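Here is the structure we will look at.
The values are calculated or read from the model by the stated rules, or taken from the named source; none is laboratory data. Remember, predicted model here, so these are calculated numbers, not experimental data. Please note: Cβ atoms are built from the backbone with ideal geometry, for glycine as well, and neighbour counts cover all protein chains shown.
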Amino acid sequence: MRKILYHLIKVRDKIFIPFVFLYILMAALGIYIIEPTTFKTYTTSIYWVLTTLATVGFGDFAPVTHAGKVYTIFLYITGIGLVSVLIGKIFNSVFLIDKMKVGGNMKYTGKDHIILIGWSAKSKLAIEEILKTDKKIDIVIIDNLEKAPLIEKRLYYVRGDATHEETLFNANLPTAKGVIIFADQITQDNYATPDQVLVDGKTLLIATAITSIEEKLHKSIHVTAEVINQKHIRLFEHVNVDEFIPTQEMISHAEVRSLFSHGVTHMYSELMSIQYGEAMYEIPTRPEWKTYRNAFEDLLNKGATLVADRGDLHINQKLDSNIPEDAQLFVICDKETISLLQ
């Protein structure tokens with residue numbers, strides 16, 4: 001018997017677990033045949049076998065014949081060990097799944113998620129901002145860290161090189177709502193004066209891998225990339241990057257403007273974060289808005305200020321111009337107002 005149990009423990013889970021369930025069903029059938037007067041239904045037999053093997057028998061059903069009692073002893077000898085091993089395997093599987101999840105070795109199978117490539121203080125802030133903005137959306141981080149850098153309910157980690165298509169597929173890129181590529185932190189940290197070409201070159205390789213997947217699947221995924229040097233943006237003309245964040249130029253511009261217009265950095269902070277009352281939102285166009293003036297006045301009466309059409313910030317200079325069909329309007333308002341407008 002010991003040898004039999006030893007070999008059963010060694011077999012693969014996909015064989016062992018079905019065997020245990022089959023064993024329970026057959027054991028229930030056995031007692032049902034041996035003592036039909038005590039166990040009048042097959043369901044009752046299954047119930048008795050489970051309580052017996054789990055050693056929590058309630059005594060509401062018990063064999064009364066010698067054959068039934070001998071059969072029960074047989075179940076004790078063979079079955080309790082099997083159930084114990086099964087429970088152990090279940091707990092071990094849960095532990096391995098949790099370990100794989102923390103280690104970034106599991107594929108993400110959800111959809112409409114946001115992928116953040118590269119872990120840094122900036123990506124941590126981005127996660128906080130996303131979680132505040134959308135209470136349901138999942139976030140997938142791609143990096144090469146040994147374990148997940150942050151544990152959150154809606155946060156998932158995929159370990160690997162984002163320049164490899166396999167890693168991007170593990171993050172389920174084809175079903176993602178969007179991707180943000182952060183400048184490689186490791187490359188920056190390894191140099192006293194980071195080589196901007198190396199940092200932006202890594203971003204370009206990742207964008208190229210994403211574009212390759214898009215072309216293969218004939219899908220379009222919104223990609224935002226952080227670049228260190230604004231001059232490098234022209235190098236991305238052959239890849240599908242929708243928006244760029246030229247970090248150093250933006251910081252320098254804000255620092256300089258703060259000298260000439262005190263407090264301007266507070267305005268930048270308010271526009272870039274939802275922790276303040278006002279923020280910038282995209283607003284859909286309406287049929288009754290023929291000109292920018294129509295939209296501007298209507299929105300103003302509702303508590304929102306029209307500020308841009310895509311990247312055009314000169315709305316106030318062409319209020320009487322017609323709104324094009326492909327317009328992408330942006331307003332500044334609070335959460336309550338935008339919830340009423342959308």
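I'm trying to understand the selection: among the residues of region 122-176, which are closer than 15 Å to MET106 by Cβ and of a type in the set (Gly, Ala, Ser)?
ALA148, GLY160, ALA171
So which of VAL64, VAL56 ends up being at pLDDT below 85, surrounded by fewer than 17 Cβ atoms within 10 Å (Cβ to Cβ) and not in a helix (DSSP H, G or I)?
VAL56
So which residues in region 204-229 are part of a helix (DSSP H, G or I), under 19 Å from ASP161 (Cα atoms) and more than 21 Å from the chain's Cα centre (by Cα)?
LEU204, LEU205, THR208, SER212
Specify which of the listed residues (ASN105, ASN92) is within 30 Å of ILE142 (Cα to Cα) and at pLDDT 75 or above.
From the options ASN105, ASN92, the qualifying one is ASN105.
In region 167-181, which residues are part of a loop (DSSP other than H, G, I, E, B) and either buried (at least 24 other Cβ atoms within 10 Å of the Cβ) or not assigned by TED's automatic domain parsing to the domain that holds LEU204 (or both)?
ALA171 - this is the single residue of region 167-181 that is part of a loop (DSSP other than H, G, I, E, B) and either buried (at least 24 other Cβ atoms within 10 Å of the Cβ) or not assigned by TED's automatic domain parsing to the domain that holds LEU204 (or both).
Among residues belonging to region 230-239 that are in a helix (DSSP H, G or I) and of a type in the set (A, V, I, L, M, F, W, C), point out the one that is modelled with the highest pLDDT.
Residue satisfying both the conditions and the ranking: PHE236.
Tell me which strands (runs of 3 or more DSSP E) are completely within region 261-342 and hold 1 or more residues being surrounded by fewer than 14 Cβ atoms within 10 Å (Cβ to Cβ) and at pLDDT below 90, or say none if there are none.
Result: 279-283.
Only one of (1) of a type in the set (A, V, I, L, M); (2) surrounded by fewer than 19 Cβ atoms within 10 Å (Cβ to Cβ); (3) under 24 Å from THR175 (Cβ atoms) fails for ILE233. Which number is that?
(3)
Restricting to region 152-166, what's the tally of residues that are surrounded by 20 or more Cβ atoms within 10 Å (Cβ to Cβ) and assigned to a loop (DSSP other than H, G, I, E, B)?
1
Anything in region 309-342 that is in contact with a strand residue (DSSP E or B) (Cβ under 7 Å, 6 or more places away or on another chain), over 17 Å from GLU288 (Cβ atoms) and among the β-branched types (Val, Ile, Thr)? List them, or say none.
Scanning region 309-342 gives ILE315, ILE332, ILE338.
If we keep just the residues of region 30-53 that are at pLDDT 85 or above and hydrophobic (A, V, I, L, M, F, W, C), which is surrounded by the fewest Cβ atoms within 10 Å (Cβ to Cβ)?
ILE33
Report the residue count in region 129-151 for those that are crowded, with 17+ Cβ neighbours inside 10 Å, out of contact with any helix residue (DSSP H, G or I) (no Cβ under 8 Å at 6 or more places or on another chain) and either in contact (Cβ under 8 Å) with a residue 24 or more places away in the chain or outside the structural domain of LEU173 (by TED's automatic domain parsing) (or both).
3
Determine the pairs where a residue that is in contact (Cβ under 8 Å) with a residue 24 or more places away in the chain, located within region 236-248, has a partner that is among the polar types (S, T, N, Q) with Cβ atoms under 6 Å apart, the partner being 6 or more residues away or on another chain.
VAL239/THR208; VAL239/THR211; ASN240/THR211
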